[in-house]
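Everything below concerns the one structure shown next.
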Amino acid sequence: MRMVELIEKKRDGHAHTEAEIQFIVKGLTAGDIPDYQISAWLMAVYFQPMNEEEAFYLTKAMLESGEQIDLAGIDGIKVDKHSTGGVGDKTTLALAPLVATMGGKMAKLSGRGLGHTGGTIDKLESIPGFNTSLTPEAFKAQVNALGCAVAGQTADVAPADKILYALRDVTGTVPSIPLIASSIMAKKLASGADVIVLDVKVGDGAFMKTKAEAETLATLMVGIGNRYGKAVSAFLTHMDEPLGEAIGNRLEVIEAMAALKGEGPDDFKELLIELAGAITYKANLFSSLEAATKEAARVLESGEAYPKFEAFVQAQGGDLNAFIDTPNLEPVLVRAPEKGVIQSIEALELGLAAMHLGAGRAKKDDAIDPLVGLKVLKRVGDALEKGEPLVEVYARGSFDEAAILGAFHITDAKRDTPALILKKIGL
Ligand code: URA
């Protein structure tokens, strides 16, 4: 097989066979195919999208390029959840103990944040002593004993994806739905769970800007996962405003703790209930999605899952008392500049504002400041009086108030509260 022939085949709109995709992925991982040929092939794929079968072969080849986590030592059905990344998305922090309280086994590998989106590992590390570098044995033992564990992804999962992603990043080929789907699913399927629920974010603060694009991506990822023999389903959820109020590592942990006590923002609790319902239903813990979701709501509102969060933090070496005793930075209020109704909130701008405060990374090696961030006090559809508190800013010094205010679009028009869950696929 010659790479140039495969580039020409894709350029002319033909589908690859499994053997051809294996040749490409093995060749790029071994360094046998030069970057310029891989780049040309990526551009061909961008213009001649892969079908589901090709995307499945690409996913399989990429996941087989590295370490596959063997969760066999964990009793019962292993579950996982993946979010395509949003602003203020602290879901895993509360979902893992919630699912565990309902009898699920959540074995979750998570990443760090980059750009306007935060990472679960960074959020957990705002708890003093919290250890996210668990050995596979410790990880599995904790899931068996407690029902949940969250650890950082190792460097060895899907190395082919890392090489391909770095080339996509510099060749304008990131926004190809089959390439995104394969990239995400290669890493998720390598994590070894039996049940995977995907939260595909739609909107300004997300990778997918429109519902139609997000639906195509989600349907493809569900199809790839099902072909691989896993129970995969997906939610499309709205990211035209941040999830909940808090953006920033410590603030998001505090919000997750509040949700587990039945307190805190309704949109965040709604997402937790829906995801926990779907995950536990797919894990055969309930006979219907409705029954599972009803129980998730009961457990969350009753505060029953909070002790599981305490046990989870303790098991991973975190000192929750020290976290609780750490004082917050003194917030500075940003107030509504005019009377009106919030029409939209640019989550992306608020995510970037939090990053500039130090809550996120502009570059991979930047340090994180766990204490800084924003609390967005109002939501789309809320009516405001001039001068009403809009955002609390937790900063170490001065900040760009105009950039924060620029994220809010306020007019006189009436605006309904947007729905959080836009669609469910595979449920
Ligand atoms: N996230 C990934 O892991 N891969 C992509 O290609 C896009 C988003």
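Tell me yes or no: at least one residue of the stretch 83-97 is at pLDDT 95 or above and open to solvent by 40 Å² or more (accessible area, probe 1.4 Å). Within the stretch 83-97 (the criterion being at pLDDT 95 or above and open to solvent by 40 Å² or more (accessible area, probe 1.4 Å)), the answer is no, since none of the residues qualifies.
Only residues that are under 24 Å from the mean Cα position of the chain (by Cα) and either among the acidic types (Asp, Glu) or part of a helix (DSSP H, G or I) (or both) were counted in the stretch 324-346, giving 1. The residues listed here are Ala107, Ala94; of these, the one that is in contact with a strand residue (DSSP E or B) (Cβ under 7 Å, 6 or more places away or on another chain), in the same structural domain as Gly172 (by TED's automatic domain parsing) and either without any contact (Cβ under 8 Å) to a residue 24 or more places away in the chain or not charged (D, E, K, R) (or both) is Ala107. Filtering the stretch 145-197 to residues that are over 20 Å from the mean Cα position of the chain (by Cα), modelled with pLDDT of 95 or more and away from the ligand (no atom under 13 Å from the Cβ) leaves Ala145, Leu146, Gly147.
When Gly277, Gly248 are checked against the criterion of being under 23 Å from Gly115 (Cα atoms), buried (at least 24 other Cβ atoms within 10 Å of the Cβ), at pLDDT 95 or above and of a type outside the set (Asp, Glu), Gly248 stands alone in meeting it. Does Ala206 qualify as being in a helix (DSSP H, G or I), within 12 Å of the ligand (Cβ to nearest atom), open to solvent by less than 10 Å² (accessible area, probe 1.4 Å) and closer than 20 Å to Leu114 by Cβ? Criteria not met by Ala206. Among the residues of the stretch 13-34, the ones that are assigned to a helix (DSSP H, G or I), open to solvent by less than 50 Å² (accessible area, probe 1.4 Å) and of a type in the set (Val, Ile, Thr) come to 3 in all.
For the stretch 89-138, name all the residues that are in a helix (DSSP H, G or I) and over 20 Å from the mean Cα position of the chain (by Cα).
Of all residues in the stretch 89-138, those in a helix (DSSP H, G or I) come to 91-101, 120-124, 136-138.
Correct list: Thr101, Pro136, Glu137, Ala138.
Test of understanding: among Ala186, Ala149, Ala193, Ala181, which residue is aliphatic (A, V, I, L, M) and assigned to a loop (DSSP other than H, G, I, E, B)?
On the way: Ala186 fails: assigned to a loop (DSSP other than H, G, I, E, B); Ala149 fails: assigned to a loop (DSSP other than H, G, I, E, B); Ala181 fails: assigned to a loop (DSSP other than H, G, I, E, B).
Going through Ala186, Ala149, Ala193, Ala181 in turn, the sole match is Ala193.
When you scan the stretch 347-357, do you find a residue that is open to solvent by 40 Å² or more (accessible area, probe 1.4 Å) and either in the same structural domain as Asp204 (by TED's automatic domain parsing) or not in a helix (DSSP H, G or I) (or both), even just one? Looking through the stretch 347-357, none of the residues is open to solvent by 40 Å² or more (accessible area, probe 1.4 Å) and either in the same structural domain as Asp204 (by TED's automatic domain parsing) or not in a helix (DSSP H, G or I) (or both).
Any residue at all in the stretch 115-127 that is within 16 Å of the ligand (Cβ to nearest atom) and within 18 Å of Ile279 (Cβ to Cβ)? First the steps, then the outcome.
Start the filter on the stretch 115-127 by keeping residues that are within 16 Å of the ligand (Cβ to nearest atom), which leaves 115-121.
Those left that are additionally within 18 Å of Ile279 (Cβ to Cβ): 120.
The answer is yes, given that some residue of the stretch 115-127 is within 16 Å of the ligand (Cβ to nearest atom) and within 18 Å of Ile279 (Cβ to Cβ).
Of all residue pairs spaced 6 or more apart or on separate chains, none has beta-carbon atoms under 8 Å together with a first member in the stretch 144-171 that is among the aliphatic types (A, V, I, L, M) and a second member that is part of a strand (DSSP E or B) and open to solvent by 60 Å² or more (accessible area, probe 1.4 Å). Residues of the stretch 68-88 that are assigned to a loop (DSSP other than H, G, I, E, B), among the polar types (S, T, N, Q) and either touching a Leu at 6+ places or on another chain (Cβ under 6 Å) or within 16 Å of the ligand (Cβ to nearest atom) (or both): Thr84 alone. A search for C-beta distances below 9 Å between a residue of the stretch 230-253 that is aromatic (Phe, Trp, Tyr) and any residue that is modelled with pLDDT under 95, counting only pairs 6+ apart in sequence or on different chains, returns Phe235/Leu427. Within the set Leu220, Leu236, the sole residue that is in contact with a helix residue (DSSP H, G or I) (Cβ under 6 Å, 6 or more places away or on another chain), part of a strand (DSSP E or B) and either more than 14 Å from the ligand (Cβ to nearest atom) or farther than 22 Å from Ile368 by Cβ (or both) turns out to be Leu236.
The values are calculated or read from the model by the stated rules, or taken from the named source; none is laboratory data. None of the values given here were measured: they were computed from a predicted structure. Reconstructed Cβ throughout: ideal geometry from the backbone, glycine too, with neighbour counts over all protein chains shown. Ligands, DNA and RNA are excluded from the accessible area calculation, which covers all protein heavy atoms including side chains. Shrake-Rupley method; radii C 1.70, N 1.55, O 1.52, S 1.80 Å.
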